[in-house]
Amino acid sequence: MAEGTSIATTDDGVRLHVESAGEGTPIVFVHEFGGDHRSWEAQMRYFSRRHRVVTYGARGYPPSEVPEAIEAYSQARATADIAAVMDHCGIDKAHIVGLSMGGFATVHFGLTYPERALSLTVAGAGYGAEKAFEDYFRGVSEEVARQFESMGAENFSKIYGMAASRIPFLVKDPRGHAEFVRMLGEHSSKGAANTMRGVQMHRPSLYDLEDALKAMDVPTLIVSGDEDDHCLQPALYMKRVIPASGLLILPKTGHTINLEEPDRFNSSVADFIAQVEAGRWLARDPRSAPSEIMKTS
């Protein structure tokens, strides 16, 4: 497919805005709740020099379609939508790169469609996963949904964009943070509320997927900012249970990793993909037992 835009149709008839560029081994970028397809522009430009890159707007994110019914939104739907975009683009297998909500969808893609995933990059994934905060997360998610509905995206974006995990972005790059908030304010209020209620509030905790994650052999890079507090423990957990996984922690970085630190993010993901394609991103050697401190015999 030449560089440009197109529309993919999902198995339930929802139309998704898709953008594609470049040639080579495919990479699909999956955006976070607070972002959209535009959030990956720095990655689209960088990786399209040697890869075929694809990004898309999730259902509920214009110019993708915004279904009215809450039943049209779920973790399973978000996962299947990645496959629908790949089918539309004629892609059998791809490297999947997701942030936050997109990171959760990326994990589930690896569990559901492992034969179609060349690798997984799971960045900033953890909100709601910690068992101690499950009830709190569901409650605050409902409040966020109500605020999008009552205040509208343009007004509420100024509040949502000042969440604790967004502050590192504001501190290091006020111009970039302002652009992030402006784009968030252009989202569909209905789409944001439905996504929060249908996807975010009801997705399973990563800790409830342990057996499946231990059996998943897709090469995986886990990325977290060190000031994205509620993603750090889930990142360590995923590193422990996913066999062929590696963990990257970026210092002085919050939730919006690919926007806050585009150079570090791009170079790290590029190196990971190169190792995968060379067959050198392996499962942890059993001799490297995590329970061992020093060898005595």
For this session: Search segment 136-193 for residues being of a type in the set (Ser, Thr, Tyr) and over 19 Å from the mean Cα position of the chain (by Cα), and hand back the single one that is farthest from residue 32 (Cα to Cα).
Result: 150
Problem set entry | Whichever residue in segment 19-44 is among the hydrophobic types (A, V, I, L, M, F, W, C) and under 16 Å from the mean Cα position of the chain (by Cα) and, among such residues, is surrounded by the fewest Cβ atoms within 10 Å (Cβ to Cβ) | 42
Problem set entry | Single match in 256, 220 (criterion: hydroxyl-bearing (Ser, Thr, Tyr) and more than 15 Å from residue 120 (Cβ to Cβ)) | 256
For this session: Report whether or not residue 115 is closer than 30 Å to residue 281 by Cα and more than 18 Å from the chain's Cα centre (by Cα).
Result: yes
Seminar exercise, completed: Within segment 100-113, residues part of a helix (DSSP H, G or I), touching a residue at least 40 places away in the same chain (Cβ under 8 Å) and polar (S, T, N, Q) come out as 106
For this session: Report yes if some residue within segment 201-217 is among the polar types (S, T, N, Q) and free of Cβ contacts under 8 Å to residues at least 60 places away in the same chain; otherwise report no.
Result: no
Seminar exercise, completed: Going through segment 9-42 in order, the residues found to be among the charged types (D, E, K, R) and either farther than 21 Å from residue 123 by Cβ or touching a Ser or Thr at 6+ places or on another chain (Cβ under 8 Å) (or both) are 11, 12, 15, 19, 23, 32
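Readers should treat all values here as calculations from the given coordinates under stated rules, not as data from a laboratory. Computed from a predicted structure; not experimentally measured. Heads up, the Cβs are rebuilt from the backbone with ideal geometry, glycines too, and the neighbour counts pull from every protein chain shown.
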